[in-house]
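See below for the structure under consideration.
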Amino acid sequence: MTNIVAFIGPSGSGKSSLQTVMGIPKILSLTSRPPRPDESNGRDYIFKTREDIIERNNNGKLLEVTEYNGHLYATTKESVEELITKNITASIILDEHGVKMLRKQYPNRILVVGVYASLKDCRTRLEQRSNYAMKRLDSYRKKFSDCLQQVT
Ligand SMILES: Nc1nc2c(ncn2[C@@H]2O[C@H](COP(=O)(O)OP(=O)(O)O)[C@@H](O)[C@H]2O)c(=O)[nH]1
Ligand SMILES: Nc1ncnc2c1ncn2[C@@H]1O[C@H](COP(=O)(O)OP(=O)(O)O)[C@@H](O)[C@H]1O
């Protein structure tokens, strides 16, 4: 039984777009990253301060927390427990650490979808987003191939 469809992939590969068009309800992650101009709180992420996320983690409220590019990203226990209790399926964007942690907690409940786009396409898309994201692309793509080997 799958309750969590987890999308992983490099920046600009289309994870968020695919997640949206597939129409599977979303589990929103917490993040300390500031919202981008086209993002809104409660639709794309739940934007929190770094201190808030650390406090929740210390209080045992998080299933997993990861740091990426200087910002924290986290999945709350509550969001996933609700799915399991109600036996519904929802989707989430994770990295390899997140997949490992959720798998540890809920083995056989996760379907991992690796989203791939060519480096050229990712670059073109991220150019339209920001130079900041561009800088992360090369290292993230390497991580992605390692990641797929680890989670599949
Ligand atoms: N472990 C974990 N990783 C997350 C979570 N939410 C997002 N991420 C990862 O954080 C990365 C950066 O996200 P974001 O800042 O939105 O940049 P983007 O990937 O370029 O759209 C994503 O690509 C995911 O791999 C989460 O709840 N847990
Ligand atoms: N298959 C696709 N073909 C063309 N453009 C796409 C495709 N998937 C996503 N995009 C565009 O690429 C950009 C990055 O997509 P996004 O879903 O935000 O990627 P990610 O969440 O992996 O960083 C967005 O502007 C989106 O509209």
Residue in segment 84-128 that is nearest to the chain's Cα centre (by Cα), counting only those that are of a type in the set (Ser, Thr, Tyr) and closer than 19 Å to Lys26 by Cβ: Ser91
field: In segment 49-92, the residues that are of a type in the set (Gly, Ala, Ser), out of contact with any helix residue (DSSP H, G or I) (no Cβ under 8 Å at 6 or more places or on another chain) and more than 22 Å from Val115 (Cβ to Cβ)
entry: Gly70
field: Residue count, segment 23-43 (criterion: open to solvent by less than 40 Å² (accessible area, probe 1.4 Å) and assigned to a loop (DSSP other than H, G, I, E, B))
entry: 7
message: Considering only segment 71-83, I want to know if a residue exists there that is within 16 Å of ligand 2 (Cβ to nearest atom), among the hydroxyl-bearing types (Ser, Thr, Tyr) and either free of Cβ contacts under 8 Å to residues at least 24 places away in the same chain or within 22 Å of Glu55 (Cα to Cα) (or both).
response: yes
message: Tell me the residue from Ile46, Ile92, Ile54 that is surrounded by 19 or more Cβ atoms within 10 Å (Cβ to Cβ) and of a type in the set (Val, Ile, Thr), please.
response: Ile92
message: Against the condition more than 8 Å from ligand 1 (Cβ to nearest atom), part of a loop (DSSP other than H, G, I, E, B) and in contact with a Phe, Trp or Tyr (Cβ under 8 Å, 6 or more places away or on another chain), how does Pro107 come out, does it pass?
response: no
message: Looking at Leu28 and the list (1) within 16 Å of ligand 2 (Cβ to nearest atom); (2) under 27 Å from Thr124 (Cβ atoms); (3) out of contact with any Cys (no Cβ under 9 Å at 6 or more places or on another chain), which single condition is not satisfied?
response: (2)
- prompt: Can you tell me which residue in segment 95-112 is nearest to Gln19 (Cα to Cα), limited to those that are open to solvent by less than 40 Å² (accessible area, probe 1.4 Å) and not aromatic (Phe, Trp, Tyr)?
  reply: Val112
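The values are calculated or read from the model by the stated rules, or taken from the named source; none is laboratory data. Owing to the predicted nature of the structure, the values given are computational and were not obtained by experimental measurement. Neighbour counts run over all protein chains shown; Cβ positions are idealised from the backbone, glycine included. Keep in mind that these areas ignore ligands, DNA and RNA; they rest on the heavy atoms of the full protein, side chains included. Shrake-Rupley method; radii C 1.70, N 1.55, O 1.52, S 1.80 Å.
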